[in-house]
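Shown next, in structure tokens, is the structure this report addresses.
The values are calculated or read from the model by the stated rules, or taken from the named source; none is laboratory data. All values derive from a computational prediction rather than experimental measurement. Using ideal geometry, Cβ is built from the backbone for each residue, glycine included, and neighbour counts are taken over all protein chains shown. Quick note on the areas: whole protein, heavy atoms, side chains included, nothing else; ligands and nucleic acids left out. Shrake-Rupley method; radii C 1.70, N 1.55, O 1.52, S 1.80 Å.
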Amino acid sequence: MANLQSTYTNEHLQKTQSPHWYPTEWIIRTMAGSYPNLALDKRIYENAKVLDIGFGDGRNFTLLKNLGLKIYGVEITEEIVQSVQNKAKHNGIDCELKVGSNADIPYPNEYFDIILASSSMYYINTPNSFNDTVAEYMRVLKKGGVLIANFPEKKKNFICKNALELDDNVIEITNDIYNLRNGYLFKVFSSENELKTYSDAFLTNISTAYLYENYFGVAISMFILVGHKK
């Protein structure tokens, strides 16, 4: 796992060298948009605490700030944390960033109003399981708090190609065209209904969406999950 962390850290350190931040489109649509099948009251944002877990290069911080949220974040190495913290300060964004992981979030119980997991919740670091991730997310999320996350679609997403299939919809990545995530374990789903059924154990008022895009031969196929902690 150390080599994987090193590769991931180098990737995000390179991205933080850019003076610009461009939020991820599905997050803009989900957090700022209005759709008939999306149960997300935007009035909860003002001064609410949001945890951007696996924040990467911090690209969503400007959006979160503009929505009126108090920004917290967790990433897997101190190098990423310090680099993005410095960039945030330079851009006038207040945030608190710490080292942690999906199964080890360094915050107290029921601390956050919102958890944003952009391309992060589905990573599983052994010896932990996806159930450990869910338990940790629910530990730090307030009752009634909102979880916003995305998951790769098992059948079409490029990252799933030639992956090793393990138990309980967990796959091991073996053929990442960017040579970044090989060796990682991912939790994936095959349908919105499957994702809803799984999430019903810990969330209520669940909304899901399906997104498929083909970027010049690279298929991005995923499910979006919005739900409130039971």
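Take the solvent-accessible surface of the protein heavy atoms, probe 1.4 Å, and return the percent of it on the range 134-230 that carbon and sulfur atoms account for. Looking at the range 134-230 in its full context, I get 50 percent from C and S.
In the neighborhood of ILE220, defined by Cβ-to-Cβ distances under 11 Å, what is the net charge if each Lys or Arg adds +1 and each Asp or Glu adds -1? Could you put the intermediate results ahead of the total?
Numbers: positive: LYS156; negative: GLU25, GLU153, GLU213.
With Lys, Arg at +1 and Asp, Glu at -1, the neighbours total -2.
Within the assembled protein chains, the solvent-accessible surface assigned to LYS70 is about 100 Å², based on a 1.4 Å probe.
Accessible area per residue, 1.4 Å probe, Å², for the range 79-230: what's the number? Before the final figure, lay out each step's value.
On the way: 7110 Å² over 152 residues.
On a per-residue basis, 47 Å².
Have a look at the DSSP beta bridges in the chain and tell me what percent are antiparallel, nearest 5.
Rounded to the nearest five, the antiparallel share is 60 percent.
Report the residue, chosen from ILE177, ILE114, ILE124, that carries the largest GNM mean-square fluctuation when the chain is represented by alpha-carbon nodes joined by springs under 10 Å. In the Gaussian network model the winner is ILE177.
Rounded to the nearest 0.05, the FRET efficiency derived from the C-beta distance between LEU38 and ASN86 at R0 = 41 Å is 0.75.
Residues considered: VAL99, VAL218, VAL134. Largest GNM mean-square fluctuation over the chain, using C-alpha springs under 10 Å, is found at VAL218.
With springs only between Cα atoms under 10 Å apart, run a GNM on the chain and tell me which of TYR184, TYR210, TYR35 wobbles the most. Sorting by GNM fluctuation, first place goes to TYR35. For the set SER34, SER199, solvent exposure ranked by accessible area (probe 1.4 Å, protein chains only) runs largest to smallest as SER34, SER199.
Please report, as a whole percent, how much of the solvent-accessible surface of the range 31-100 comes from carbon and sulfur atoms (probe radius 1.4 Å). Carbon-and-sulfur percentage of accessible area, whole number: 46.
Annotation: the range 12-145 has a Kirkwood hydrodynamic radius of 15.3 angstrom, from the mean reciprocal C-alpha pair distance.
If R0 is taken as 45 Å, the Cβ-Cβ distance between GLU110 and PHE216 corresponds to a FRET efficiency of 0.55.
Neighbours of PRO106, meaning other residues whose beta-carbon lies under 13 angstrom from its beta-carbon, give a summed charge of -3 when Lys and Arg score +1 and Asp and Glu score -1.
What FRET efficiency would be calculated for the residue pair GLN5, ILE28, taking the C-beta separation as r and a Förster radius of 30 Å, to the nearest 0.05? Don't skip to the end; give the middle numbers.
Working: r = 29 Å, r/R0 = 0.96.
E(calc), rounded to 0.05, equals 0.55.
Considering only protein heavy atoms, with the full assembly of protein chains and a 1.4 angstrom probe, order LYS161, LYS229 by accessible area, largest first. Before the final figure, lay out each step's value.
Details: LYS161 125, LYS229 30 Å².
Descending order: LYS161, LYS229.
The Rg/Rh ratio of the chain, with both radii computed over alpha carbons and Rh defined as the Kirkwood radius, is 0.93. Distance from the Cα centroid of the range 52-96 to that of the range 145-183 is 25 Å (rounded to whole angstrom). Computed over neighbours whose Cβ is under 10 Å from that of ASN128, the net charge equals -3, Lys and Arg +1, Asp and Glu -1.
How much length would be gained if the chain were fully extended between ASP176 and VAL99, taking 0.36 nm per residue of separation minus their Cα-Cα distance, in nm to one decimal?
Numbers: separation 77, 0.36 × 77 = 27.72 nm, distance 2.52 nm.
Once the chain is fully extended between ASP176 and VAL99, it gains 25.2 nm.
I'm a student and want to see the number: the projected area of the Cα convex hull of the range 166-230, averaged over all directions, in nm². Mind dumping the intermediate values first?
Values: hull surface 21.4 nm².
Projected over every direction and averaged, the Cα hull of the range 166-230 covers 5.3 nm².
Between the listed residues TYR178, PHE189, ASN162, the Cα displaced farthest toward the positive end of the dipole of the range 154-211, a dipole computed from Cβ unit charges relative to the Cα centre, is found at TYR178. Our summary gives the chain a relative contact order of 17 percent, counting only alpha carbon pairs under 8 angstrom and 6 or more residues apart.
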